[in-house]
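Worksheet: the structure to be examined is printed underneath.
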Amino acid sequence: MQPLETQLNKPIEAATPSWKIKLLYDGECPLCVREVNFLKKRDVGRGLIAFVNIADDNYTPQENGGIDFETAMGRIHALLPDGTIIKNIEVFRQVYEILGMGWVYSFTKLPIIGAIADIIYGIWADWRLALTGRSNLETIVAERQKRLECTTQSRCPLSETDF
C-alpha cells in the first residue's frame, strides 16, 4: 500500500462508465417497456446497457447528453460512453450489437434497406403515442411541465374539483 500522502496527491481520473450504451426510453409506452424488459433479460445483469426512463420526473437532460424530454419523446436516443448521441434505428443496431445479437438488425446496415428502415421507424415514432392510446406530444410535455413546476414550487394550483 502506498503512503497516504502519495495516495492523496494522485490526480482524480474521470470515471469511465461501465455501460457501453445509455438507452433513453419512454417508461410510459407499453411497447417501449416490453422492448426494454426484453433487452434487460438479454443484458443479464452485465450492465452493458444503462436504461434511462425519460418519463420519470427526475429525468434531466444534463445527465443525458443534453437531450431534453420533448426531443427524447419524439425519437429514441442513446448515448455512447464518449458522449456521442445516436438516434433512430442506429440505437437498435448498436444495442443489439452490444448484446451479441447484432444479426437481428444487420440487414439495416445495407444502404437501401437501412434508408427504408429509417423511414419506417420515423413513421412509427410519429404515430407511437396515438397507437398506444396516449395524448399527443404537446399535451404530454405540457402536463409534465405543469407537474414539475408544482413539485419545484412545493405548491399546486387547486382544480375546480378541490372546492
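The values are calculated or read from the model by the stated rules, or taken from the named source; none is laboratory data. Nothing here was measured: the structure is a model prediction, and the numbers come from that model. Note: ideal-geometry Cβ built from the backbone for every residue, glycine included; neighbour counts use all protein chains shown. In case anyone asks, the SASA skips ligands and DNA or RNA and just uses the protein heavy atoms, side chains included. Shrake-Rupley method; radii C 1.70, N 1.55, O 1.52, S 1.80 Å.
Tabulated data for the structure shown
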item: Hydrodynamic radius of the stretch 8-111 per Kirkwood, over alpha carbon pairs, in Å; result: 14.6 Å
item: R0 of 30 Å, Cβ-Cβ distance Leu131-Gln62: FRET efficiency to nearest 0.05; result: 0.45
item: 5 angstrom amide H check on Ala55, placed H, neighbours 5+ away; result: Gly27, Glu28
item: Too-long pairs where the Cα-Cα distance tops 25 Å, listed order kept, from Lys20/Lys146; Lys87/Lys109; Lys20/Lys41; result: Lys20/Lys146
item: Inter-label distance, nm, simple model (7 Å from Cα along the C-beta direction), Cys150/Lys109; result: 4.8 nm
item: Solvent exposure, largest accessible area first (probe 1.4 Å, DNA, RNA and ligands not counted), of Phe38, Phe107; result: Phe107, Phe38
item: Scaled radius of gyration (Cα, divided by 2.2 N^0.38 Å) that the stretch 35-163 gives; result: 1.27
item: Sites Asp118 and Thr84, calculated FRET efficiency, Cβ-Cβ separation with R0 30 Å, nearest 0.05; result: 0.95
item: At R0 = 22 Å, FRET efficiency that the Cβ-Cβ distance of Val141 and Phe38 yields, to 0.05; result: 0.20
